[in-house]
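Since the structure comes first, as structure tokens, the remarks are kept for the end.
The values are calculated or read from the model by the stated rules, or taken from the named source; none is laboratory data. From a predicted model like this one, the values you see are computed outputs, not experimental measurements. A quick note on method: Cβ atoms are made from the backbone with ideal geometry, for glycine too, and the neighbour counts reach across all protein chains shown. The area values use the complete protein model at the heavy-atom level, side chains included, leaving out ligands, DNA and RNA. Shrake-Rupley method; radii C 1.70, N 1.55, O 1.52, S 1.80 Å.
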Amino acid sequence: MATTTPDEPDQLIDVPAGLRGVAVTDTRLGDVRGAQGFFHYRQYSATDLARTRSLEDVWQLLLDGELPTTAAERDRFTAEIGPLRTVPDEVSDAVAGIARHGGAGLGGLRTALSLLAQADDMPPLWDSPPQRRRRDLLRLAAATPTLIAALWRHSHGLEPIAPDPTLGHIADYLHMLGGTPTDTRAARAVEQYAMLTVDHGFNASTFTARVVASTGADAGSAVVAALGALSGPLHGGAPSRALQLLEAIGEPSRAAAWVRAAIERNERIMGFGHAVYRGDDPRSLLLRHIAQDLGGDLADFAISVEAIITATLAELRPDRHLYANVEYYAGVVMATCGIDRQLFTPTFAVGRTIGWTANIAEQAADRRIIRPAARYTGPPPPQPVPELNLDPEAR
Ligand SMILES: CC(C)(COP(=O)(O)OP(=O)(O)OC[C@H]1O[C@@H](n2cnc3c(N)ncnc32)[C@H](O)[C@@H]1OP(=O)(O)O)[C@@H](O)C(=O)NCCC(=O)NCCS
């Protein structure tokens, strides 16, 4: 990357608030082209990959740099991941206690992943040889569905279900959640959702993962930090908010009036608008197809209401380009596939940990710490340090 660093140690370069539009590193993992309504993983369109490939293929592409081109290559990678979904006994034993405190949400997952990193004795990225580093990164992403499912089942008074390494990653996740043989259509739909959300530019959690990786810390620390960033309401999103919107609208004939009233109250319509895309969000386009294929009342309702909301927003806010975003259909697809809405954000994390770990691997190869600066805006220093009044009567 072409960089300009200040000549003097105290010289600062101002950047836009929130680092908007600032390229802080180079990446070969992909990017988001908002104006074109396009995003890609390495050189391949992410939506094409989600249509034609498996999550494991995308995982291999992101982490190892190449898509498998033969069944044998695919099988080798899949066979590597399967056993890594089984977590050590000391971790599975502790999950019941974690579920009691952290529930089945991201907090529980964060604690369980941190414990797994300890149990696996993950060395600092700085010191770990490439094979060990790769194994730790695979392990963290592989074990995520196991931990989410075990936390979920414990928090509902159910025994966890052991992973089945012969199943695909998402099919096994659904199997561990529900215990019944998984509907292959549902597994494919959730897999496609995960493939569409594995990575999406230099978002806050990805940046966080890379900052921690740049310090040379262990892979577990980087993933746990990223989860912390994801848990914030401005980032992790909540596909459940879009479902709440559909419930509030109730029936298509009420949609336009509902949107008008909400906009008059200066509220935002959940599941619409995007910071980067000004036209259609490519993820929502594919998810709409997936929802349509799955069928069902919820999907039909969401599709008919989307058109009404889009038209009403275009009329009320002609200055803005407000279209359905990924969250609008994510909730519809997950709910139709039987995933409880409390699990929407953890399910998002199943795919996203794969993206984080690929980013961590890339960052760890660049052995330079990310260390920006802050502009001090307090009273001019140095002020004399006030004396402490030792009089016991002084208040
Ligand atoms: C996603 C989101 C934060 C992106 O916002 P953004 O493009 O950075 O735009 P801003 O937040 O600067 O808003 C720009 C304008 O569009 C309006 N706007 C943006 N999204 C809107 C929405 N969903 N409903 C109504 N108005 C919206 C804002 O009120 C603002 O209007 P103003 O200029 O009169 O103040 C925003 O569209 C939003 O809040 N959407 C709803 C929440 C959501 O679906 N989040 C999931 C995102 S994947």
Counting only residues 5 or more places away or on other chains, whose amide H sits under 5 Å from the amide H of D218 once H atoms are built in the peptide plane? L125
Starting at the first residue of the range 112-129, write each ³J(HN,Hα) from the Karplus equation 6.51 cos²θ - 1.76 cosθ + 1.60 with θ = phi - 60°, in whole Hz, x for Gly and Pro. 5, 5, 5, 5, 4, 4, 5, 4, 7, 6, 5, x, x, 4, 4, 9, 7, x
Residues whose modelled amide H sits under 5 Å from the amide H of D31, counting only those 5 or more places away in sequence or on another chain, are H40
For the chain, what is the accessible area per residue in Å² when the probe is 1.4 Å? 50
Jot down the radius of gyration and Dmax of the range 274-395, Cα atoms only, both in angstrom. 25.5, 77
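Expressed as a fraction of 2.2 N^0.38 Å, the rule-of-thumb size for a compact globular protein of N residues, what is the C-alpha radius of gyration of the chain?
That ratio works out to 1.08.
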Using 7 Å Cα-to-Cβ label points, what is the A365/Q342 separation (nm, one decimal)? 4.1
Between D26 and N389, Cβ-based FRET efficiency (R0 51 Å, step 0.05) works out to 0.40
Per-residue HN-Hα couplings for the range 61-76 [Karplus 6.51, -1.76, 1.60; θ = phi - 60°; Hz; x = Gly/Pro]: 4, 5, 7, 9, x, 9, 7, x, 10, 10, 4, 5, 5, 4, 5, 4
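Against the 2.2 N^0.38 Å scaling, with N counting residues, where does the range 239-336 land? I'd like the Cα-based Rg ratio to two decimal places. Walk me through the numbers on the way to the answer.
Working: Rg = 12.3 Å, N = 98, 2.2 N^0.38 = 12.6 Å.
After normalising by residue count via 2.2 N^0.38 Å, the value is 0.98.
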Once phi is turned into θ = phi - 60°, what whole-Hz ³J(HN,Hα) does the Karplus curve with 6.51, -1.76 and 1.60 give for every residue of the range 203-217, x standing for Gly and Pro? 6, 4, 6, 5, 4, 4, 4, 6, 4, 5, 4, 5, 7, x, 5
Once amide H atoms are built 1.01 Å from N in the peptide plane, which residues 5 or more positions from G279, or in another chain, come under 5 Å H to H? none
Please report the spacing between the Cα centers of the range 45-71 and the range 83-143 in Å, no decimals. 24
For the range 249-347, averaging the sequence separation of alpha carbon pairs under 8 Å that lie six or more residues apart and dividing by its residue count, the contact order in percent is 37
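Could you tell me which GluC sites (Glu not before Pro) in the range 219-307 are loop residues by DSSP with no more than 12 other beta carbons within 10 angstrom of their beta carbon? Walk me through the numbers before you get to the answer.
Details: sites: E247, E264, E267, E306; in loops: E267.
Qualifying residues, ordered by number: E267.
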Multiply the residue separation of S253 and V15 by 0.36 nm, subtract the distance between their alpha-carbon atoms, and state the gained length in nm to one decimal. 81.0 nm
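Report the full-extension gain for the segment A204 to E267: residue separation times 0.36 nm, less the Cα-Cα distance, to one decimal in nm.
Numbers: separation 63, 0.36 × 63 = 22.68 nm, distance 2.43 nm.
This chain segment gains 20.2 nm when fully extended.
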Give the residues of the range 37-67 whose amide nitrogen is closer than 19 Å to a point set 7 Å from the Cα of R317 in the direction of its Cβ. 37
